[in-house]
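Comments concern the structure below.
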Amino acid sequence: MSAASNLRSEDQFLCSICLDVFTDPVSTPCGHNFCKNCITTHWDISDRCQCPMCKEVFNIRPQLRVNTFISEVVAQFKHEAQQKTSSSSSEQQVSKPGEVPCDVCTGTKLKALKSCLVCLTSYCETHLEPHLTKPGLKRHQLIDPQLSLSEDHLHLLQSFPSLKAAPPTKDWTEVRVRPPSYEGTVVRAVAQLEETLSEEMKKLLNEAELKRVQQYAEDVTLDPDTASPNLILSDDGKQVHDSDVRKNLPDNPERFSAAPCVLGKQSFSSGRFYFEVQVKGKTDWILGVARESINRKGVISVRPQHGYWTICLRNRNEYKALAGPPVRLSLKSQPEKVGVFVDYQEGLVSFYDVAAAALIYSFTGCSFTEKLYPYFSPWVHDGGKNSAPLIICSVNQTA
């Protein structure tokens with residue numbers, strides 16, 4: 001197989017994201033293959049699930065499984081490459097002294113019979129004679145033929161009078177050449193600078209994205225007719241917290257009878273909308289949007305299949321996206337203010353840490369066919385531990 005053929009074969013096993021041989025190769029629905037870690041990381045930092053090669057967008061994030069066929073082919077490819085390398089090394093180890101390719105006709109792989117001490121070139125029989133007959137190369141004639149026939153090359157060289165005055169041979173086996181002391185420092189500094197620049201760029205992009213969605217801010221207020229009897233709403237409809245006292249309220253169809261939650265008065269059935277909620281000081285809460293036809297009586301299941309798209313905090317530091325099943329979220333910091341953005345036509349619900357200008361989680365590929373309402377649950381009072389209210393905030397849209 002030619003070198004070009006080898007190159008084409010190897011290219012078939014390279015991931016187009018990391019440009020290395022596949023590790024745990026997976027296939028996307030469009031038929032392209034990537035390392036599992038590469039494609040999942042690519043989607044984690046992107047706004048949407050999109051094939052990096054053909055740009056096809058997947059409304060629902062695909063469940064990726066390792067492509068066993070490609071995985072086996074890649075394993076065989078790596079095994080053959082390793083065998084080739086080992087075979088090449090073995091051939092070099094068993095070569096006899098002087099049996100190296102001729103430096104003149106390397107491509108023909110003719111074995112060199114003589115090596116010239118003066119010009120350090122090896123020659124096959126075909127190219128040795130013209131070299132020795134060149135004017136001014138008598139010294140080559142004397143040294144080269146004898147060198148090829150002697151087993152003790154060092155003894156032979158020392159027998160020549162012109163070389164006897166050479167300095168004694170030094171044992172270099174214990175000598176160690178240390179890299180410059182500054183090399184490690186420079187490498188670390190460059191790596192740190194790269195990381196800092198990357199973080200700054202990511203921060204700028206996140207800030208720009210947050211500013212983009214904030215332009216769709218809506219003035220949201222709480223609907224007292226939907227609030228469960230344990231909840232207390234502020235007069236301006238901007239704050240809600242749970243109490244230990246259950247009020248005697250009419251059990252109208254819109255009201256949540258048991259779950260400690262309330263909807264916003266405003267509904268949305270097209271376009272985009274955004275609102276922000278302060279969650280500072282709370283140990284538990286749920287935020288998001290819900291469709292109009294949700295069940296509001298008794299125990300409810302806050303999941304997309306039941307008409308809820310939400311995230312929550314549990315036990316002070318456990319953040320989850322209440323998908324089906326729930327997704328645990330790893331956040332760098334605890335958000336004090338959460339932004340909720342909905343693109344009705346795109347089927348997108350995103351949550352942001354406003355202070356950090358960071359995306360917390362996105363539901364993608366949603367299918368909205370009814371009115372959507374902002375959804376709030378301050379959760380239970382918990383003996384005063386979770387008494388802080390959820391507060392709907394004015395959105396700061398400074399440039």
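The values are calculated or read from the model by the stated rules, or taken from the named source; none is laboratory data. Just so we're clear, the structure is a prediction, and the values are computed from it rather than from any experiment. As a convention, Cβ positions derive from the backbone with ideal geometry for all residues, glycine included, and neighbour counts pool all protein chains shown. To get the accessible areas, we keep the full protein, side chains included, count just its heavy atoms, and leave off ligands, DNA and RNA. Shrake-Rupley method; radii C 1.70, N 1.55, O 1.52, S 1.80 Å.
Search the structure for amide H atoms under 5 Å from the amide H of Lys337, placed 1.01 Å from N in the peptide plane, and list their residues when 5 or more places away or on another chain.
Close amide H contacts, sequence-distant or interchain: Val279, Val354, Ala355.
What residues have an amide H closer than 5 Å to that of Cys49, excluding those fewer than 5 places away on the same chain, when H is modeled at 1.01 Å from N in the peptide plane?
Excluding prolines and chain starts, which carry no amide H, the hits are Phe58.
Rounded, prolate or oblate, given the Cα gyration tensor of segment 252-399, with a/c below 1.5 counting as rounded?
It comes out rounded by the Cα gyration axes.
Using a basic spin-label model with each label point 7 Å from the Cα along Cα→Cβ, how many nm lie between Ser243 and Ser367?
Placing both labels 7 Å beyond Cα along the Cβ direction yields 4.3 nm.
Cys38 accessible area, nearest 10 Å², 1.4 Å probe?
Answer for Cys38: close to 20 Å² accessible.
Of the listed pairs Lys55/Lys78; Lys265/Lys337; Lys203/Lys337; Lys202/Lys337; Lys211/Lys332; Lys203/Lys320, which have alpha-carbon separations greater than 25 Å here?
Numbers: Lys55/Lys78 30 Å; Lys265/Lys337 21 Å; Lys203/Lys337 17 Å; Lys202/Lys337 20 Å; Lys211/Lys332 21 Å; Lys203/Lys320 23 Å.
Lys55/Lys78, as the Cα separations exceed 25 Å there.
Taking a temperature of 20 °C and a viscosity of 1.002 mPa s, what whole-number D in µm²/s does Stokes-Einstein yield for segment 10-53 with Rh from Kirkwood over alpha carbon pairs?
Values: Rh = 10.5 Å.
Roughly 203 µm²/s, to the nearest whole number.
If amide H atoms are built 1.01 Å from N in the plane of the peptide, which residues on other chains or at least 5 residues away come under 5 Å of the amide H of Gly288?
Tyr375
Just check segment 205-292 against the gyration tensor rule for me: Cα atoms, a ≥ b ≥ c as the square roots of the eigenvalues, rounded for a/c under 1.5, and otherwise prolate or oblate depending on whether a/b exceeds b/c. Spell out each step's value before the answer.
Details: a/c = 2.60, a/b = 1.70, b/c = 1.53.
Prolate shape, in that a/c is at least 1.5 and a/b is the bigger ratio.
Counting only protein heavy atoms and a 1.4 Å probe, tell me what percentage of segment 207-355's accessible area is made up of carbon and sulfur.
Details: 3170 of 6900 Å².
C and S fraction of accessible area: 46 percent.
Using a Förster distance of 25 angstrom, determine the FRET efficiency expected from the C-beta separation of Lys332 and Cys54, and round it to 0.05.
On the way: r = 33 Å, r/R0 = 1.33.
Working from the Cβ atoms, E equals 0.15.
Please compute the per residue accessible area over segment 304-376 with all protein chains in place, 1.4 Å probe, rounded to a whole number of Å².
Values: 3250 Å² over 73 residues.
It amounts to 45 Å² per residue over segment 304-376.
Each residue of segment 349-365 in turn: what ³J(HN,Hα) in whole Hz from Karplus with 6.51, -1.76, 1.60 and θ = phi - 60°, glycine and Pro shown as x?
Result, rounded to whole Hz: 10, 10, 10, 10, 7, 5, 4, 8, 6, 10, 6, 8, 6, 9, 8, 10, x.
Express in nm, to one decimal, how much length is gained between Thr68 and Asn315 on full extension, taking 0.36 nm for each residue of separation and deducting their alpha carbon distance. Mind showing how you got there, number by number?
Values: separation 247, 0.36 × 247 = 88.92 nm, distance 4.09 nm.
Value of the extension gain: 84.8 nm.
Is segment 265-316 rounded, prolate or oblate when judged by the Cα gyration tensor, a ≥ b ≥ c being the square roots of its eigenvalues, rounded requiring a/c under 1.5 and prolate requiring a/b larger than b/c? The partial results should precede the final answer.
Numbers: a/c = 2.29, a/b = 1.21, b/c = 1.89.
The shape class here is oblate.
Pop a pseudo-label 7 angstrom from the Cα along the beta-carbon direction at both Ser234 and Val175 and give the gap in nm to one decimal.
Label at Ser234, label at Val175, 7.9 nm between them.
To the nearest 0.05, what FRET efficiency results for Val299 and Thr185 with a Förster distance of 51 Å applied to their C-beta separation? Intermediate results must be reported in sequence, preceding the final value.
On the way: r = 61 Å, r/R0 = 1.20.
Rounded to the nearest 0.05, the efficiency is 0.25.
Tabulate in residue order the Karplus-calculated ³J(HN,Hα) for segment 382-393, using 6.51 cos²θ - 1.76 cosθ + 1.60 with θ = phi - 60°, rounded to whole Hz; enter x for Gly and Pro.
Computed from phi, the couplings for segment 382-393 are 6, x, x, 5, 10, 7, 4, x, 7, 10, 6, 9 Hz.
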